[in-house]
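Report on the structure given below.
The values are calculated or read from the model by the stated rules, or taken from the named source; none is laboratory data. Remember, predicted model here, so these are calculated numbers, not experimental data. FYI the Cβ positions are ideal-geometry reconstructions off the backbone, even for glycines, and counts take in every protein chain you see. To get the accessible areas, we keep the full protein, side chains included, count just its heavy atoms, and leave off ligands, DNA and RNA. Shrake-Rupley method; radii C 1.70, N 1.55, O 1.52, S 1.80 Å.
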Amino acid sequence: MRRPLIAVLTAAVLCSPLATLTAHADEVRSRMIRFGYGLNENSNQGRAAKLFAEEVAKASAGKLKMRTFAAASLGSDDQMQSALIGGAQEMMVGSTATLVGITKEMAVWDTPFLFTREQQADAVLDGPVGRQVMDKLEEKGLVGLVYWENGFRNMTNNVRPITKLEDFSGIKLRVMQNPVFLDTFKQMGANAVPLPFSELFTALETKAVDGQENPYNTILSSKFYEVQKYLTVTNHVYSPWIVTASKRWWDGLSQTEQKILLDAAKTARDFERQDTRAEASKALALLKDSGMQVNEISADEVQRMREQAKPAIQKVIDTVGQPLFDQVQAELAKTSN
Ligand code: KDG
């Protein structure tokens with residue numbers, strides 16, 4: 001019996017290379033995804049990682065199995081970044097600051113005093129220039145999905161309360177492995193010591209360094225209050241985290257699999273920002289209860305810090321280029337309206 005023309009045409013299309021591509025575009029295969037991060041499981045970073053994995057499993061009917069690895073168990077941020085580039089690990093969340101050696105444009109987010117409110121950071125990071133900087137990762141073998149929030153960074157140390165610029169003098173201060181942080185705190189008069197986050201608690205405990213700077217949530221979840229006496233509220237930098245994937249691995253995913261991961265990363269981002277902000281004020285109260293001596297640095301002294309940080313800000317401009325720096329400033333100006 002002659003088959004209707006439509007049946008013949010349908011069969012031809014379904015067996016065509018286009019159909020095969022389309023089928024692959026929709027395919028969701030069983031995969032194990034290793035997602036590494038540096039903070040403890042009981043932290044804002046850990047809670048967001050857990051939700052991310054749950055959302056991925058839910059959206060893929062359990063086919064995409066994301067296993068989360070806390071406390072730098074897969075390595076420090078820079079080690080995990082290398083593992084993603086080499087294809088030895090699929091995904092991670094970590095600091096943008098440690099990516100500067102891979103993609104120099106990431107340094108723009110380390111600019112001292114760039115943001116003064118979280119809402120400014122959300123608008124700029126989730127806007128066109130945040131995406132533009134993230135896309136620069138691809139040429140180095142990484143795919144940026146979304147930014148999460150580490151938060152505004154504050155100073156802790158065991159030598160003295162920081163009440164004025166001169167109090168930084170001589171403090172051995174651990175900083176992230178990043179030239180802007182190194183320059184900023186050298187300008188402040190501290191003896192800046194770059195170390196991976198995974199080595200920080202031991203360095204504080206053994207007095208290899210006197211102090212460090214991180215958001216309240218991190219100071220609490222990493223138990224720095226056990227080895228740090230003074231906490232000074234400086235809010236000197238807003239730190240983003242960034243969720244990244246191995247490009248070598250990502251490019252092998254179907255469009256549906258990529259969309260599942262991106263949508264889940266965005267859901268986890270929105271949760272993580274809310275959780276981080278809600279927990280930050282609680283963390284500060286708990287740090288005070290733990291016996292840390294907390295002080296606010298005056299607006300005049302913050303202004304002196306801003307002045308002192310100008311050469312470091314110029315170094316950011318020299319590193320990322322004036323056009324990108326100006327683009328970020330233009331996006332920032334839109335948020336204040
Ligand atoms: O792995 C931990 C890092 O992602 C992040 O917390 C970086 O703030 C950071 C620091 O001080 O190293």
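Would you calculate, for the chain, the mean residue ellipticity at 222 nm contributed by helices, counting each DSSP H stretch of 4 or more residues as -39,500 (n - 2.57) and dividing by all residues, to the nearest 500?
Only helices count here, giving -14000 deg cm²/dmol.
Of P240, S76, Q322, which is farthest on the positive side of the dipole of the chain, counting Cα position, with +1 on Lys and Arg Cβ, -1 on Asp and Glu Cβ, and the Cα centre as origin?
Towards the positive end, the residue furthest out is S76.
Quick check for me: using +1 on Lys/Arg Cβ and -1 on Asp/Glu Cβ, what's the dipole size of the chain about its Cα centre, in debye to the nearest 20?
With only Lys, Arg, Asp and Glu charged at Cβ, the dipole is about 780 debye.
Cut-off under 13 Å on the C-alpha distance; same-chain residues fewer than 8 positions from K65 excluded. Which aspartates and glutamates are left, in chain and number order?
Within the straight-line limit of under 13 Å, K65 reaches these aspartates and glutamates: E54, E55, E90, E257.
Quick check: at a probe of 1.4 Å, how many percent of the accessible area of the chain sits on carbon and sulfur atoms?
55 percent
Given +1 on the Cβ of Lys and Arg, -1 on the Cβ of Asp and Glu, and no further charges, what dipole in debye does the stretch 207-288 carry about its Cα centre, rounded to the nearest 20?
Charge dipole, the stretch 207-288, about its Cα centre: 120 debye, nearest 20.
With just the Cα atoms defining each centre, how far is the stretch 102-154 from the stretch 213-259? Give it in Å.
Cα centres, the stretch 102-154 to the stretch 213-259: 12 Å.
Specify whether the C-alpha gyration tensor of the chain places it in the rounded, prolate or oblate class, a ≥ b ≥ c being the square roots of the eigenvalues: rounded for a/c under 1.5, otherwise prolate if a/b is larger than b/c and oblate if not.
Cα axes put the chain in the prolate bin.
Taking only protein heavy atoms and a 1.4 Å probe, what accessible area per residue, in Å², does the chain have with all protein chains in place?
44 Å²
Cα to Cα, under 16 Å, and not fewer than 8 places away if on the same chain: which lysines meet these conditions relative to K223?
The reachable lysines, counting only those whose Cα sits under 16 Å from K223, are K207, K282, K288.
Under a 5 Å amide H to amide H cut-off, with H placed in plane at 1.01 Å, what residues pair with R174 once short-range neighbours are removed?
Distant-sequence amide H within range of R174: V193, D210, G211, Q212.
Out of residues 5 or more away from M92 or on other chains, whose amide H comes under 5 Å of its own, with H placed 1.01 Å from N in the peptide plane?
Correct list: G36, T244.
How large is ³J(HN,Hα), in whole Hz, for each residue of the stretch 190-204 in order, when computed from phi with the Karplus curve 6.51 cos²θ - 1.76 cosθ + 1.60 and θ = phi - 60°, using x for Gly and Pro?
7, 8, 6, 10, x, 9, x, 4, 4, 9, 5, 4, 4, 5, 6
List, in order, the whole-Hz ³J(HN,Hα) value for each residue of the stretch 228-241 obtained from phi through the Karplus relation with A = 6.51, B = -1.76, C = 1.60 and θ = phi - 60°; use x for Gly and Pro.
For the stretch 228-241, the Karplus-derived couplings read 9, 9, 10, 10, 10, 7, 10, 6, 6, 8, 8, 9, x, 9 Hz, x marking Gly and Pro.
With a ≥ b ≥ c the root eigenvalues of the C-alpha gyration tensor of the stretch 253-337, is it rounded (a/c under 1.5), prolate (a/b larger than b/c) or oblate?
Oblate, because a/c is 1.5 or more while a/b does not exceed b/c.
Starting from the Cα gyration tensor of the stretch 94-144, take the square roots of the eigenvalues, sort them a ≥ b ≥ c, and report rounded, prolate or oblate (rounded when a/c is under 1.5, otherwise prolate if a/b is larger than b/c, else oblate).
Because a/c hits 1.5 or more and a/b fails to exceed b/c, the stretch 94-144 counts as oblate.
Could you tell me which residue out of T103, A57, Y230 lies farthest along the dipole of the chain toward its positive end? Charges go on the beta carbon: Lys and Arg +1, Asp and Glu -1, centred on the Cα centre.
Value: A57.
What list of ³J(HN,Hα) couplings, whole Hz, do you get for the stretch 108-118 from phi and the Karplus terms 6.51, -1.76, 1.60, once you set θ to phi - 60° and write x for glycine and proline?
4, 6, 8, 4, x, 6, 4, 9, 10, 9, 4
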